[in-house]
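Since every read-out is calculated from the coordinates, none of them should be taken as a lab result. A quick note: this is a predicted structure, and the numbers were derived from the prediction, not measured. In this analysis, Cβ positions are derived from the backbone assuming ideal geometry, glycine residues included, and neighbour counts consider all displayed protein chains.
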Amino acid sequence: MDFDRSAVLRLAEEHDSFYMYDGRMIMDNIVALHESFEGVRFLYSMKANPHPGVLKCIIEEGVGLDAASVREVMMGRENGLDAGDIYYSAPGKSERDIEAALGCSTIIADSVSEVERIRAVAERHGIVAEIGIRLNPDFSFDGDSGSANKFGIDEAEAFRWLSSWNGYKSIRICGIHVHSRSQELRGGLIAAYYGRMFELAVRFQEALGRELSFVNMGSGIGIPYAECDAPVDIKALGAEMSALIGQYREKLPKAEILVESGRFLVGKAGVYVTHVTDKKLSHGKTFVLLANTMGGFVRPSIAQMVESYTNEEKPAGCEPMYTGRGAFGFVPMTDARDTETVTVTGSLCTGTDVIAKDITLPWLECGDVFVITNAGSYAAVLSPMQFASLEPPAQIFLPERGRPLEL
Ligand SMILES: *Cc1c(COP(=O)(O)O)cnc(C)c1O
């Protein structure tokens, strides 16, 4: 459990519940990717954690942006990114979204009708929109055949449309985007997927009749959540990617290779910190109540709910809501030697806000600080902070140097 304990204890004196994001760990993760993946440009999937301090730290390290909304595009611009550094990819963009994002980002068209909408907006403005196409490829991440999907345009359909799209004066197709998996820990599988992506890019480029300027391979790289999870060997995966880049350099001479990541950069760099507010005995069971669990950090409560509906040893993940058993570490900050078996709940007025049933923890007292790990990605952003009008947890970014930035 790697986090700055003294910073946690210091901040816990001022806040009942808060997130703490560690800028040094985020920078280490970026450096690890950059050192291993030579020739790859990384994009930060900022929907994982849009905290201004986190975003600024990542952008300053030279990472581009994978934006999932117009607001995210604009946050990238406010942090000094050029339109060419921001890739705006999301299904169901409205004409208003397209209007706002055009010229501020590279828009990735997610459907055939969206290509038409982008064309209409660009025509109205008298400009040529340089766009990407999000594809739903004829292969899955695991290497099986493709399947129905709400994301992207089926590969075969996109190929059928290419000659028409090539005739559009207000649109220029410059690249492709695929993202079909999150939280994969098998490096070999990710490398095989990269290989299929290069083949797809070559097929697409040939059909397009023009050199692609980017191939965005999406995310996939997972992080160890549970204690039994082994991390992806980033060096080995980077070496496989470098070999592929070398192999395809002649066929894809102009294409910048893009890889997206949200959780790898920030997931383990954040903790959620709360306090024991009460403790009680009911029908022989001991309950420990924590300040603001489900309302402040919902995923542990969702995990409890999913797991209460199944006896499976390994319930399937459903990212970003549910990852798997044991995806969070519970770290009570106490020197107590005695242990007891407790059920840990929050203080919301609902019985669903339970984060652990019958677990053995060190003896807890009211006022003790309680830390939940793996809270850097898909944590604050997913949590129902308006419920019961509770004070939302603070979000505090600790930069490598300088003063903490608090929201
Ligand atoms: C959410 C998302 C990601 C980030 O996935 P991680 O597992 O957090 O790395 C990347 N690309 C797209 C298109 C996404 O929607």
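Using a basic spin-label model with each label point 7 Å from the Cα along Cα→Cβ, how many nm lie between ALA336 and CYS228? Those two pseudo-labels are separated by 2.9 nm. This model, with +1 at the C-beta of Lys and Arg and -1 at the C-beta of Asp and Glu, gives segment 110-160 a dipole about its Cα centre of some 320 debye. Here the label points at HIS283 and ARG41, each 7 Å from Cα along the C-beta direction, are separated by 6.0 nm in the simple model.
Take the Cα of ASP144, step 7 Å toward its Cβ, do the same at GLU406, and the gap between the two points is 5.0 nm.
Computed from Cα positions, the angle between helix 299-308 and the longest principal axis of the chain comes to roughly 80 degrees. For the chain, the longest principal axis of the C-alpha atoms and the axis of helix 23-36 are separated by about 40°.
Under a model in which nothing but the beta-carbon of Lys, Arg (+1) and Asp, Glu (-1) is charged, the chain shows a dipole of about 700 debye around its Cα centre. Sparse packing (at most 12 other Cβ atoms within 10 Å of the Cβ) combined with a DSSP loop state is found for the following chymotrypsin sites (Phe, Trp or Tyr not before Pro) in segment 278-311: TYR309. From the residues VAL73, GLY92, THR345, which one has its Cα farthest along the dipole of the chain in the positive direction, the dipole being from +1 and -1 charges on Cβ of Lys/Arg and Asp/Glu about the Cα centre? Farthest along the dipole direction, towards plus: GLY92. Take every Cα pair under 8 Å whose residues are at least 6 apart in sequence, average their separation, divide by the length of segment 157-264, and the relative contact order is 35 percent. For the chain, the residue among ILE176, ALA388, ALA239 whose Cα projects farthest onto the positive side of the dipole built from Cβ charges is ILE176.
Of the residues VAL306, THR293, SER163, the one whose Cα sits farthest toward the positive end of the charge dipole of the chain, with +1 on the Cβ of Lys and Arg and -1 on the Cβ of Asp and Glu, is SER163. Measuring nothing but how far apart in sequence close Cα pairs (under 8 Å, 6+ apart) lie, relative to its length, the chain scores a relative contact order of 21 percent. Of interest is the spacing of the C-alpha centroids, which for segment 73-97 and segment 126-151 amounts to 19 Å. Stokes-Einstein D for the chain at 37 °C, 0.692 mPa s, Kirkwood Rh over Cα pairs, in µm²/s? Rounded to a whole number, D works out at 144 µm²/s.
The local environment of THR373, defined by Cβ-Cβ distances under 10 Å, has a net charge of 0 under the rule Lys, Arg +1 and Asp, Glu -1. Compared with the dominant principal axis of the Cα atoms in the chain, helix 234-248 is inclined by about 0°.
Rg and Dmax of segment 98-241, based on Cα coordinates, read 16.9, 56 Å. Along the chain, the exposed loop sites are GluC sites (Glu not before Pro) outside DSSP states H, G, I, E and B with at most 12 other Cβ atoms within 10 Å, and the longest stretch free of them is 39-210. Computed over segment 19-175, relative contact order equals 15 percent, with contacts defined as Cα pairs under 8 Å that lie 6+ residues apart.
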